[in-house]
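Peer 1: Got a structure for you, written out below as structure tokens; questions coming shortly.
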Amino acid sequence: MSSSKNIFYITVILTVIVCLCTEQVEGRRTILKGRRALTRTYYYDSALPAWITVILIALAEVIFGGVLYLILKKVVIDPPMTGSYAVQNY
């Protein structure tokens with residue numbers, strides 16, 4: 001149970017880090033001049049180029065698909081069949 005908690009926490013932390021790296025950074029600064037407030041907005045490019053983001057998402061999908069395949073194979077395909085029938089001799 002603790003390993004699933006650790007995996008959950010690692011996933012959450014990695015999700016937060018990816019969100020911080022991929023979103024555009026927006027900085028606002030308000031300059032007060034008398035009664036009038038001027039708002040300047042600065043937009044910065046992402047820390048990662050778009051092609052790196054595409055590659056990271058593709059790798060994440062491949063890894064997620066592989067893990068899901070292994071889980072489903074272990075749970076659905078590999079368990080031994082237990083028959084609920086009995087052979088009758090006549």
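The values are calculated or read from the model by the stated rules, or taken from the named source; none is laboratory data. Quick caveat, the model's predicted, so the values are computed rather than measured. Positions of Cβ are backbone-derived with ideal geometry, glycine not excepted, and every protein chain shown enters the neighbour counts.
Peer 1: Condition (residue is modelled with pLDDT under 85 and in a loop (DSSP other than H, G, I, E, B)) applied to segment 25-38: is it met by at least one residue?
Peer 2: yes
Per-residue answers, yes or no, for (1) of a type in the set (A, V, I, L, M, F, W, C); (2) at pLDDT below 90; (3) surrounded by 10 or more Cβ atoms within 10 Å (Cβ to Cβ):
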{"position": "41", "(1), (2), (3)": "no, yes, no"}
{"position": "46", "(1), (2), (3)": "no, yes, yes"}
{"position": "49", "(1), (2), (3)": "no, yes, yes"}
{"position": "55", "(1), (2), (3)": "yes, no, yes"}
{"position": "61", "(1), (2), (3)": "no, no, yes"}
{"position": "66", "(1), (2), (3)": "no, no, yes"}
{"position": "78", "(1), (2), (3)": "no, yes, no"}
{"position": "84", "(1), (2), (3)": "no, yes, no"}
